[in-house]
Amino acid sequence: MAWHVARVVLSSTLLLLSPAFSQATPDPDTVRARLGGVGVPFVANEGQVDARVAYYAPTFAGTLFVTREGELVHALPSPSTRPRGTPSSGPGWSITETLVGGRARPVGVLRSATGVSVFHGADPARWRAGLPTYEQVSLGEVWPGIEVSLAARGGSVEKLFTVKPGARVALIRVRVEGARDLTLDSGGALVAETGLGAVTFTAPIAYQLHADGRRAVAVTYERRGREYGFTAGTYDRSLPLVIDPLLQATYLGGSGVDVAAALAIHPKTGDVYVAGPTFSTDFPGTTGGAQPVGGLLGDAFVARLNSALTILRQATYLGGSNANEGTALAIHPTTGEIYVAGRTQSTDFPGTTGGAQPTYAGREDAFVARLNSALTTLAQATYLGGSGVDVAAALAIHPTTGDAYVAGMTSSTNFPGTSGGAQSTFAGGIDDAFVARLNSALTTLRQATYLGGNLGGNGADEATALAIHPITGDVYVGGRTESTNFPGTSAGAQPVNGGVDDAFVARLNSALTILSQATYLGGTGPDAAAALAIHPTTGDVYVGGRTASTNFPGTGGGAQPTYAGTEDAFVAQLNSALTTLRQATYLGGTGTDAAAALAIHPMTGEVYVAGLTVSSNFPGTSGGAQPTSAGLRDAFVARLNSALTTLMQATYLGGSDTDAARALAIHPTTGEIYVAGATDSTDFPGTTGGAQAAKGGVSDDAFVARFTRGLALVAPIAPVPTLSEWLRILLLVLIAAGGVSALRRRRARA
């Protein structure tokens, strides 16, 4: 059995523990630790606890301790089967990493959203709640000019070494004690042999941030007996060198044009699913897929990667003999099945037999398809449209009923299923938005509705975003309208159109039979909504998009209250009734900027936005994972507080050519940020070690990238608060018996 300790630590936080102490173990029957709001019983240990422990994190194979001296102790319990959260029933093993010749000063860095509470004894006055945990620990400047930090990044706790200008990489020496042998494998990983199997520390990656972007630097482990360090290739000694296994990204595509338009994280497996259009007949990983061969005129694609973005598990084409395009993706929360929506001109789109609409109806139809999570079987598909042009742009699964909701635009006056809908007839003009509701099997169209007006401009209305309220089940739709008589805006946060065309947000009941409220959103210039999300705690509605209005409403007091360029991204917060615009903010520099995707962090409530920027002065990127623009056009990712009054961090993302983010998702367990889109750059950052490390063709490839929650290269160091005696008690509650035994053995040997 082999544990990959360096990258499979399951904790997403590091818990700060107080300095040296000695405390008797409380009665385990009266102790219960509450982590992240979920009660988890832990069995306390007998005797005293090692006074040197400063931090700990539960790992895949046991526990990682950080001592006050900066030692890293990997305590591996017996691999015997046992209930989760209980001590090992057999002997464990420990490996200790000691920073040779250096001095560590551990302090907490990025505070985690996870709170820890202690309920000790029967006296509520002695209980404590809200004790802090941290996602990062800084060990400080361990060697002259060399800083070391630890980051709990979802599935791993990783070491990051920053070598300042003039410092020497050769100073880094780490002694590994407790291993029977220390070797390097063929892939450059460091392998420590233990009595319980091999512990693998993944191969390092190094890079520097130049004015023209992030450049990789060759680096390998250097092993000397039971110690290791690093050997770096040629690099600019006037700039910092970062040795770190993350940021991870990957290309995804063949020799034609490929674009990731949608992204979702599987709630059970944590795998990452991406969908979009492809014009590559050699798209990777489709062998064994539901449709292994693609067509010449373009297909939709769906791909499944592991959460580390290092393995492409499966991909599949999806389309008929004419043009097809994937635009939206959703995962059923109960069945785990994968739903894809888009547009097709194929009369032979696969899997539509038995669907809600089995035959092609017009010049172009929307489609919805359902695949198993392995992407090896197309369970059902259906056309959706009338005699005109119909395009699906957004897709969501109702969290209670499991029904599939689709939104987009239609020019069809006979769009199916609209009878009895909130707006049963086509309003006129060029096109209307539509919303449709299908059963989860895609065999029945339960209801559809038009959504649009016919006065002002060309009377064009289109839905581009869709979200379902997790509590009320109401359906929210966002998009763009040129209509001055868009329905339902009376009493809305902005009841009248502000200019040439505006963004809009509309709220319907889950049956799609009632338009409860709608609102315009925009100033005197063109405005369009591209993304929509519901805050999981407050129920407020967040909208993101692009604006050319210098008087976009509600930006006073926002993170960026004034318009900065030729076009800015915007983010707005409305109440769930859509009657109040609580806050809005611009987001951009002096060039063109547009938000394409938006998500609310389930742990912190913070707002994440992704899109494209042509601005070399995009705000808030200092200290970001990529602080400077690298090419003609970059993707961007930004993090704002839930009130939209503070831009907490932003980062560019891209290489020397054009890059744009189209989709964003947050891992439900690790809290890590995933971004997908399209890149024409052959030097897109972070792809080394990815599922597809090199660009597949001469034109655009899809990309997927993974960030920590902070979006920062190295988070700023925060002072550690003085912690109470109750946190000392918490140590006794949370440390596993195997880990303590390992520390005792090492202490006895000393």
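Here Ile311 passes the criteria (1) out of contact with any Gly (no Cβ under 9 Å at 6 or more places or on another chain); (2) closer than 17 Å to Leu378 by Cβ except the one numbered (2). Selection of the stretch 182-214 for residues being among the charged types (D, E, K, R), modelled with pLDDT of 70 or more and assigned to a strand (DSSP E or B) yields only Glu193. Looking at Gly276, is it assigned to a strand (DSSP E or B), surrounded by 23 or more Cβ atoms within 10 Å (Cβ to Cβ) and of a type outside the set (A, V, I, L, M, F, W, C)? Here the answer is yes, as Gly276 does meet what is asked.
Taken over the stretch 178-196, residues that are surrounded by fewer than 16 Cβ atoms within 10 Å (Cβ to Cβ) and over 33 Å from the mean Cα position of the chain (by Cα) amount to 5.
Of all the residues in the stretch 650-674, those that are more than 12 Å from Ala599 (Cα to Cα), modelled with pLDDT of 90 or more and hydroxyl-bearing (Ser, Thr, Tyr) number 4.
Could you list, in sequence order, the residues of the stretch 301-346 that are of a type in the set (Gly, Ala, Ser), assigned to a strand (DSSP E or B) and in contact with a Ser or Thr (Cβ under 7 Å, 6 or more places away or on another chain)?
As a first pass, look at the stretch 301-346 and keep what is of a type in the set (Gly, Ala, Ser): 303, 307-308, 315, 319-321, 323, 326, 328, 330, 336, 341-342, 346.
Retained after the next criterion (residues that are assigned to a strand (DSSP E or B)): 303, 315, 326, 328, 330, 341-342.
Passing the criteria: Ala315, Ala341, Gly342.
Regarding Ala129, is this residue among the small types (Gly, Ala, Ser), more than 19 Å from Gln208 (Cα to Cα), modelled with pLDDT under 90 and assigned to a strand (DSSP E or B)? Considered against the rule, which asks whether it is among the small types (Gly, Ala, Ser), more than 19 Å from Gln208 (Cα to Cα), modelled with pLDDT under 90 and assigned to a strand (DSSP E or B), Ala129 comes out as yes. Contact map, the stretch 475-501: first residue of a type in the set (Phe, Trp, Tyr), second residue part of a loop (DSSP other than H, G, I, E, B), Cβ cut-off under 7 Å, separation 6 or more or different chains; pairs are Tyr476/His469; Phe486/Gly452; Phe486/Gly453. Reported count of residues in the stretch 305-329, each being buried (at least 24 other Cβ atoms within 10 Å of the Cβ), within 16 Å of Tyr273 (Cβ to Cβ) and polar (S, T, N, Q), is 2. Of all residues assigned to the stretch 546-553, none qualifies as being buried (at least 24 other Cβ atoms within 10 Å of the Cβ), touching a Pro at 6+ places or on another chain (Cβ under 7 Å) and closer than 20 Å to Val496 by Cα. The numbered conditions (1) over 16 Å from Arg437 (Cβ atoms); (2) surrounded by fewer than 24 Cβ atoms within 10 Å (Cβ to Cβ) are all true for His332 except (1).
Against the list (1) of a type outside the set (Phe, Trp, Tyr); (2) modelled with pLDDT of 80 or more; (3) under 28 Å from the mean Cα position of the chain (by Cα); (4) in a loop (DSSP other than H, G, I, E, B), the condition Thr162 fails is (4).
Is one or more of the residues making up the stretch 403-411 farther than 20 Å from Gly320 by Cβ and either acidic (Asp, Glu) or at pLDDT below 95 (or both)? Yes: the stretch 403-411 contains one or more residues that are farther than 20 Å from Gly320 by Cβ and either acidic (Asp, Glu) or at pLDDT below 95 (or both). When you scan the stretch 256-266, do you find a residue that is free of Cβ contacts under 8 Å to residues at least 60 places away in the same chain and closer than 21 Å to Thr687 by Cβ, even just one? No.
Take the conditions (1) in a strand (DSSP E or B); (2) closer than 25 Å to Phe707 by Cβ; (3) at pLDDT 70 or above; Ala151 misses just one of them, which is (3).
Ser510 falls short on exactly one of the conditions (1) modelled with pLDDT of 95 or more; (2) out of contact with any His (no Cβ under 7 Å at 6 or more places or on another chain), and that condition is (2).
Applying the condition of being over 36 Å from the mean Cα position of the chain (by Cα) and closer than 24 Å to Asp502 by Cα to the stretch 400-422 and asking which residue is surrounded by the fewest Cβ atoms within 10 Å (Cβ to Cβ) yields Thr413.
The values are calculated or read from the model by the stated rules, or taken from the named source; none is laboratory data. Quick caveat: nothing in here was measured; it's all calculated off a predicted structure. Here the Cβ is made from the backbone with ideal geometry for all residues, glycine too, and neighbour counts use every protein chain on show.
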